[in-house]
Amino acid sequence: MCKEKRRSLFCLMLTALLLFLSACGQEDGESGQENGETLLPISVNGKEIRVGETTVQTLLDEGFNVSWVDEEFNRIIVDPTEQLEANSYYTGGSIEVTDNMSFSISLVTDEEAVSLGEAVIARLEIHTAAEEDQSVLETISFDGVPITELTREKAGEKYPDWTGDEVMWLHYGLEYKYDLHFDMSTGGFNGFIVERVYDVDWNG
């Protein structure tokens, strides 16, 4: 009788332990999903640009006009074969959309030196105030939403966990930073900055 009681008590404790471990595993999985950051893509004329993933060569292959400012501040078309240093951050690039509007881009290299074409887009920025052609603006989307439809009100509804005020809506995560800017009087879209966070040399 005592043996049976001890055996029953042991089984009960073992069952409780298994249930506890199972619950902990589920919580860890849910926590990992909550902490994971989602990359919000940009598209231009249906062609997607994923900051932290898309390379310069991909942009060139898609037909984008990518240029660079050299040491003498002359803007030149990029040479994808040019070699870049490892673990470096390069600014001064642009993707031309129209004569009045361009994306500003920054590039990053990882642990190995690569060609410019292999460098990844680390930062993407655009300001739309100078472009009056709505048909052009309609071709640019942020996270699947045309920027002509992305008002301050809609941004607040779509990203309720972000912070900001009436002219900006921000999210600064461990991997990605998003800045959305809006017109104070109309609430219409004015521009954005999308950036992947890297631990590299900013003096490149």
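Every residue in segment 145-204 that is charged (D, E, K, R) and within 12 Å of the chain's Cα centre (by Cα), please. Working first, answer last.
Of segment 145-204, the ones charged (D, E, K, R) are 149, 152-154, 157-158, 161, 165-166, 175, 177, 179, 183, 195-196, 199, 201.
Listed by number, the residues that qualify are Glu175, Lys177, Asp179, Glu195, Arg196.
From the set of residues in segment 155-204 that are of a type in the set (Gly, Ala, Ser) and open to solvent by 30 Å² or more (accessible area, probe 1.4 Å), which is nearest to Asn87 (Cα to Cα)? Walk me through it before giving the result.
Initial filter on segment 155-204 (of a type in the set (Gly, Ala, Ser)): 155-156, 164, 173, 185, 187-188, 191, 204.
Now drop any that are not open to solvent by 30 Å² or more (accessible area, probe 1.4 Å), which leaves 164, 185, 204.
Details: Gly164: 32, Ser185: 43, Gly204: 9 Å.
This residue is Gly204.
List the pairs whose first member sits in segment 116-140 and is closer than 15 Å to Ile193 by Cβ and β-branched (Val, Ile, Thr), whose second member is open to solvent by 40 Å² or more (accessible area, probe 1.4 Å) and part of a helix (DSSP H, G or I), and whose Cβ atoms are under 9 Å apart, counting only residues at least 6 apart or on separate chains?
Short answer, once both residue conditions are applied: Ile121/Thr58.
Out of segment 154-183, which residues are in contact with a strand residue (DSSP E or B) (Cβ under 9 Å, 6 or more places away or on another chain), farther than 13 Å from Thr38 by Cα and not in a strand (DSSP E or B)? Outline the logic, then answer.
Here is the first cut: in segment 154-183, the ones in contact with a strand residue (DSSP E or B) (Cβ under 9 Å, 6 or more places away or on another chain) are 154-156, 158-159, 161-164, 166-172, 175-183.
Subset that is farther than 13 Å from Thr38 by Cα: 154-156, 158, 161-164, 166-170, 179-183.
Matches in segment 154-183: Lys154, Ala155, Gly156, Lys158, Asp161, Trp162, Glu166, Val167, Asp183.
Among the residues that make up segment 107-114, is at least one of them under 17 Å from Phe64 (Cβ atoms) and touching a residue at least 40 places away in the same chain (Cβ under 8 Å)?
Within segment 107-114, the subset under 17 Å from Phe64 (Cβ atoms) is 107.
Of the ones still in play, those that are also touching a residue at least 40 places away in the same chain (Cβ under 8 Å) are 107.
For segment 107-114, residues under 17 Å from Phe64 (Cβ atoms) and touching a residue at least 40 places away in the same chain (Cβ under 8 Å): present.
Checking the condition of a type outside the set (Gly, Ala, Ser) and over 28 Å from Val136 (Cβ atoms), which residue from Thr98, Thr58, Thr81 passes?
Working: Thr98 fails: over 28 Å from Val136 (Cβ atoms); Thr58 fails: over 28 Å from Val136 (Cβ atoms).
Residue meeting the stated conditions: Thr81.
Which condition number in (1) in contact with a Phe, Trp or Tyr (Cβ under 8 Å, 6 or more places away or on another chain); (2) over 18 Å from Ile193 (Cα atoms); (3) not aromatic (Phe, Trp, Tyr) is the one that Gly93 fails?
The failed condition is (2).
Output the number of residues of segment 64-93 satisfying the condition of being part of a strand (DSSP E or B) and in contact with an Asp or Glu (Cβ under 9 Å, 6 or more places away or on another chain). Reasoning before the result, please.
Here is the first cut: in segment 64-93, the ones part of a strand (DSSP E or B) are 65-69, 75-77, 83-84, 88-93.
Adding the requirement that they be in contact with an Asp or Glu (Cβ under 9 Å, 6 or more places away or on another chain) leaves 65-68, 76, 84, 88-89, 92.
Number of matching residues: 9.
Only residues that are at pLDDT 95 or above and open to solvent by 40 Å² or more (accessible area, probe 1.4 Å): list them for segment 98-112, please.
Correct list: Ser102, Ser104.
When the residues of segment 46-57 are narrowed to those that are outside any strand (DSSP E or B) and either touching a helix residue (DSSP H, G or I) at 6+ places or on another chain (Cβ under 9 Å) or among the basic types (Lys, Arg) (or both), which ends up farthest from Ile126 (Cα to Cα)?
That would be Gln57.
Every residue in segment 121-140 that is surrounded by fewer than 20 Cβ atoms within 10 Å (Cβ to Cβ) and part of a strand (DSSP E or B), please.
Across segment 121-140, the qualifying residues are Glu125, His127.
The values are calculated or read from the model by the stated rules, or taken from the named source; none is laboratory data. Nothing here was measured: the structure is a model prediction, and the numbers come from that model. A quick note on method: Cβ atoms are made from the backbone with ideal geometry, for glycine too, and the neighbour counts reach across all protein chains shown. Note: areas computed on protein heavy atoms with side chains; ligands, DNA, RNA excluded. Shrake-Rupley method; radii C 1.70, N 1.55, O 1.52, S 1.80 Å.
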